[in-house]
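S.K.: Structure provided below as structure tokens; questions to follow.
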2 protein chains.
Amino acid sequence: MSDLQKLLSRIAPPDAALGERAQAHLDQLTKPPGSLGRLEELARRLVEITGQEPPRVRRPVIFTLAGDHGVVAEGVSAYPQVVTAQMVENFLRGGAAVNVLARHAGCRVVIADFGVAGPVPSHPALVIRKVAPGTQNFSRGPAMTLDQAVEAIEGGIALAEAEIASGSDLIGLGEMGIGNTTAASAITAVLTGTPVEAVTGRGTGIDEAAWERKVAVIRRALTVNRPDPADGLDVLAKVGGFEIGGLVGVILAGAAARIPVVVDGFIAGAAALIAVRLKAETRHFLLASHCSAEPGHRVLLDHLALRPYLDLQMRLGEGTGAALAFTLIQAAVKIYTEMATFKSAGVSRRQT
Amino acid sequence: MSDLQKLLSRIAPPDAALGERAQAHLDQLTKPPGSLGRLEELARRLVEITGQEPPRVRRPVIFTLAGDHGVVAEGVSAYPQVVTAQMVENFLRGGAAVNVLARHAGCRVVIADFGVAGPVPSHPALVIRKVAPGTQNFSRGPAMTLDQAVEAIEGGIALAEAEIASGSDLIGLGEMGIGNTTAASAITAVLTGTPVEAVTGRGTGIDEAAWERKVAVIRRALTVNRPDPADGLDVLAKVGGFEIGGLVGVILAGAAARIPVVVDGFIAGAAALIAVRLKAETRHFLLASHCSAEPGHRVLLDHLALRPYLDLQMRLGEGTGAALAFTLIQAAVKIYTEMATFKSAGVSRRQT
């Protein structure tokens, strides 16, 4: 049994009885039952997922994984490939959107190179898990070998396990990779059985002609590679990316450790589709921060039965939505732990 | 010219050119143009509304105004009237949901009695603006006199102006009043021209029979009082509430001072409908935090062309959604002021 298989075997559904106990506590608080809606749901799910009552979040972390995509040779992105490496440097300097929002939410950001094509700066905070300097152009053959797909996933697992060992108890998923919405669209089309044009968007902002090219490139990739929708690893290898594989590993490690994983944008969602295909029970550990402007994001959230908390029409990735969702999750924890009860406050309960 | 008329005459539309300048700055930041979606819109609107570039928020405040409603005699609420006063005490002790979420967002909560029926505790932090100990039962006649409606609005104006003079630069609206969803439904039906049953919900959690009674009570109120949809003051006096009048005043004072006002739940939204009817330009200063589970809330948000940022199915009021929205607004300010530009970070711009 491989390390990956061993980890998958450890992922078990959470205990729903814990959620009921949490709801019973929430119903004692000075508010009409259920009136804090999905904020209560968040608190309840934290208890279910972690098994901790009361819930707590002490060390939230966002994993922003970077990787390049050979498919950019087909002209599917508005930005040159070098931007992936440049943005890694920006992350390390703290000037990117995810840095700003993570500081706002009081959370760490772990930056890791899973397969950036160009040279990345040497920096003590940069984790190197580079599988290769960018994937192959998947419109002409597989993006990577099966061994590389496993290496990317296991890199993500190792990364997450190290953070979890340091006390991280809430995980957010972020990424950076010019061309990676093309990979995410291909993965979503295969794993949800949706036509390519319905899951392909404008990415960072391509025009109509480039969009048509992107759709054609993805269609060709599926024809050339014939990824097997029943096999998440095959889909990752044929039309995925190294940073996406890394995120699959982070998700699986989080689920195995019973830590809530906030799926952020479209690319992280595609990684979640693969993780859930590898082990269906992974689904129970996922939360969705927001739904991006990418059309495939809604499709995959519906497929995963995840309902986002924020309606902000963001489409940046990096983990930006996860950081915002963390502020809501912290709010839910405080509601659970800091509100007065009807009894303690001397407030009358409902009469009907 | 009355004080109210003078204030109304000071409310002028914001300068859209400022918003364009703000967007030009946002487009320099290291992200694809517009990719932070409504977070960018929030930053832009803050600049437009306040005229301050860069935007800043230093002293956010939530006004949680309390008042009782004579219409509870008709059995329209799941909770006894005494809960209004009990919850005021809970607010003052810091144990209610709005206290918890305001602490989370780093904002003040101003608690004011605009018309609680029962005795309220004497407390240095409680502002007394009591117009009367509860409104009249508006299913049998007007909720209050026109003079009382003006007194409630002017009380809200005075309250907000005092806070603004102390430096408050972001306002959230909250309320507490057993029975006040009945008033909000009546106001929404009149001012949006929507059938009563389409804007009447379950409030704090009434059953089907009580819901039917609530609809019948509101219909009777509209028949008995014939509020004039062209006259916001008439609507407030006939089917409103003292805390709703206070919120109208807070909104108007905020708009006159060019301060963003975050409309929270359904009742605050009904106050916004009245404020906008009194002076149409008030609309430009409003932001919507979330859409509650009350059906009338969606109707009035559409009428005001406000789109909420959070999808949390909350229905508590108090200003709870405003507190959560404040964390997003602070995030938008930080994006505007803390992100690196393409130039400063040495990141390549788009090539298409």
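S.K.: Looking at segment B:189-202, I want the residues that are in the same structural domain as residue B:291 (by TED's automatic domain parsing) and among the aliphatic types (A, V, I, L, M) and have a partner that is at pLDDT 95 or above and not in a helix (DSSP H, G or I) with Cβ atoms under 9 Å, at least 6 apart or on another chain. Which pairs are those?
M.R.: Matching pairs, first to second residue: B:189/B:195; B:189/B:199; B:189/B:200; B:190/B:227; B:190/B:228; B:190/B:229; B:191/B:227; B:191/B:229.
S.K.: Of the conditions (1) assigned to a loop (DSSP other than H, G, I, E, B); (2) within 19 Å of residue B:24 (Cβ to Cβ); (3) at the interface with another protein chain (Cβ under 7 Å from one of its Cβ atoms), residue B:335 fails just one. Which one is it?
M.R.: So residue B:335 meets the others, but not (1).
S.K.: Something else: Considering only segment B:308-352, state which residues are of a type outside the set (Gly, Ala, Ser) and without any contact (Cβ under 8 Å) to a residue 24 or more places away in the chain.
M.R.: The answer is B:308, B:310, B:311, B:312, B:313, B:334, B:338, B:349, B:351, B:352.
S.K.: Could you run through segment B:1-29 and say how many residues are of a type outside the set (Val, Ile, Thr) and in a loop (DSSP other than H, G, I, E, B)?
M.R.: Residues meeting the conditions: 9.
S.K.: Then there is this: Report yes if some residue within segment A:44-66 is within 14 Å of chain B (Cβ to nearest Cβ), within 30 Å of residue B:78 (Cβ to Cβ), touching a residue at least 40 places away in the same chain (Cβ under 8 Å) and out of contact with any helix residue (DSSP H, G or I) (no Cβ under 9 Å at 6 or more places or on another chain); otherwise report no.
M.R.: Within segment A:44-66, not a single residue is within 14 Å of chain B (Cβ to nearest Cβ), within 30 Å of residue B:78 (Cβ to Cβ), touching a residue at least 40 places away in the same chain (Cβ under 8 Å) and out of contact with any helix residue (DSSP H, G or I) (no Cβ under 9 Å at 6 or more places or on another chain).
S.K.: So, in segment A:84-129, exactly how many residues are more than 14 Å from chain B (Cβ to nearest Cβ) and assigned to a helix (DSSP H, G or I)?
M.R.: Of the residues in segment A:84-129, 0 are more than 14 Å from chain B (Cβ to nearest Cβ) and assigned to a helix (DSSP H, G or I).
S.K.: When the residues of segment B:30-75 are filtered to those that are among the basic types (Lys, Arg) and in a helix (DSSP H, G or I), which remaining residue is farthest from residue B:345 (Cα to Cα)?
M.R.: B:45
S.K.: A follow-up question, please. Considering segment A:190-210 alone, what residues qualify as being touching an Asp or Glu at 6+ places or on another chain (Cβ under 9 Å) and within 14 Å of chain B (Cβ to nearest Cβ)?
M.R.: Residues satisfying the conditions are A:201, A:202, A:203.
S.K.: Scan A:310, A:252 and give me the residue that is under 16 Å from the mean Cα position of the chain (by Cα) and either within 14 Å of another protein chain (Cβ to nearest Cβ) or under 25 Å from residue B:33 (Cα atoms) (or both).
M.R.: Exactly one residue qualifies, and that residue is A:310.
S.K.: Regarding segment A:83-95, can at least one residue be identified that is out of contact with any Pro (no Cβ under 7 Å at 6 or more places or on another chain) and surrounded by fewer than 20 Cβ atoms within 10 Å (Cβ to Cβ)?
M.R.: Within segment A:83-95, one or more residues are out of contact with any Pro (no Cβ under 7 Å at 6 or more places or on another chain) and surrounded by fewer than 20 Cβ atoms within 10 Å (Cβ to Cβ).
S.K.: Right, something else. Restrict the check to segment A:290-304 and report whether at least one residue is within 14 Å of chain B (Cβ to nearest Cβ) and farther than 26 Å from residue A:114 by Cα.
M.R.: Scanning segment A:290-304 turns up at least one residue that is within 14 Å of chain B (Cβ to nearest Cβ) and farther than 26 Å from residue A:114 by Cα.
Yes/no per residue for (1) under 30 Å from residue A:333 (Cα atoms); (2) modelled with pLDDT of 95 or more; (3) touching an Asp or Glu at 6+ places or on another chain (Cβ under 9 Å):
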position: B:115; (1), (2), (3): no, yes, yes
position: B:126; (1), (2), (3): yes, yes, yes
position: B:131; (1), (2), (3): no, yes, yes
position: B:135; (1), (2), (3): no, yes, yes
position: B:141; (1), (2), (3): no, yes, no
position: B:148; (1), (2), (3): no, yes, no
position: B:154; (1), (2), (3): no, yes, yes
position: B:158; (1), (2), (3): no, yes, no
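S.K.: Find all pairs meeting these conditions: Cβ atoms under 6 angstrom apart; at least six residues apart or on different chains; first residue within segment B:156-180 and surrounded by fewer than 20 Cβ atoms within 10 Å (Cβ to Cβ); second residue of a type in the set (Phe, Trp, Tyr) and not in a helix (DSSP H, G or I).
M.R.: none
S.K.: Here is a follow-up. What's the number of the condition residue A:81 fails, among (1) within 14 Å of chain B (Cβ to nearest Cβ); (2) among the polar types (S, T, N, Q); (3) within 20 Å of the chain's Cα centre (by Cα)?
M.R.: Here residue A:81 clears every test but (3).
S.K.: Right, another one. Test residue A:298 against the criterion of being in the same structural domain as residue A:181 (by TED's automatic domain parsing), free of Cβ contacts under 8 Å to residues at least 60 places away in the same chain, in a helix (DSSP H, G or I) and of a type outside the set (S, T, N, Q), and give yes or no.
M.R.: yes
S.K.: Could I ask something else about it? Residue check: is residue B:78 assigned by TED's automatic domain parsing to the domain that holds residue B:221, closer than 29 Å to residue A:332 by Cβ, touching a Gly at 6+ places or on another chain (Cβ under 9 Å) and part of a helix (DSSP H, G or I)?
M.R.: So residue B:78 does not fit the description; no.
S.K.: Moving on to the next point. Is one or more of the residues making up segment B:231-241 at pLDDT 95 or above, closer than 28 Å to residue A:351 by Cα and part of a helix (DSSP H, G or I)?
M.R.: yes
S.K.: Among the candidates A:327, A:282, which residue alone is within 14 Å of chain B (Cβ to nearest Cβ) and outside any loop (DSSP other than H, G, I, E, B)?
M.R.: So the residue among A:327, A:282 that is within 14 Å of chain B (Cβ to nearest Cβ) and outside any loop (DSSP other than H, G, I, E, B) is A:327.
The values are calculated or read from the model by the stated rules, or taken from the named source; none is laboratory data. The structure displayed is predicted, hence computed values, not measured ones. Don't worry about glycine lacking a Cβ; one is built from the backbone with ideal geometry, like all the others, and counts go over all protein chains shown.
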